[in-house]
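First up is the structure itself, then whatever we jot down about it.
Nothing in this text is a laboratory measurement; each read-out follows from the coordinates by a stated rule. Worth saying up front: this structure is predicted, and the values here are computed from it rather than measured.
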Amino acid sequence: MIVERTLKPLNPSPQGTFWKQCEEEFRAYVTNLTQEEGDAFQIVQLYRQRGDAENVFDELKQAYQRLLDWLARTAPQLNLTMGKAPPRILLDPTYPTMSAVH
């Protein structure tokens, strides 16, 4: 387990700095990686990158849901299946299919 302690100033003014007023923030990282696989700084960086990647996927899912909601409001005739399956994309009949190519 890795524990990270960060000091954040409560008051960034010179008076707050003079009196050393700060707030402590703690983070704990629990991992099964060994010291040979990475030191504490590398493991913390790895977990931060993983968290960033998860945030990207969450943002994509939220944007996709907002798009579906908008489509449902503005084009109800599309009859999208909300939450059950992604909407089907209509295929262009002029686009050659695999059977037409062979």
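Expressed as a rounded percentage, what relative contact order does region 2-75 have, with Cα pairs under 8 Å and six or more residues apart?
For region 2-75, the relative contact order is 24 percent.
So between R50 and Y29, what do we pick up on full extension, going 0.36 nm a residue minus the alpha carbon distance?
6.3 nm
Given 0.36 nm per residue, what is the gain on full extension from L7 to Q42 after removing their alpha carbon distance, in nm?
Working it through step by step, the gained length comes to 10.5 nm.
At 0.36 nm per residue, and after removing the present C-alpha to C-alpha distance, how many nm does the segment from F57 to D69 gain when stretched out fully?
Gain on stretching F57 to D69: 2.5 nm.
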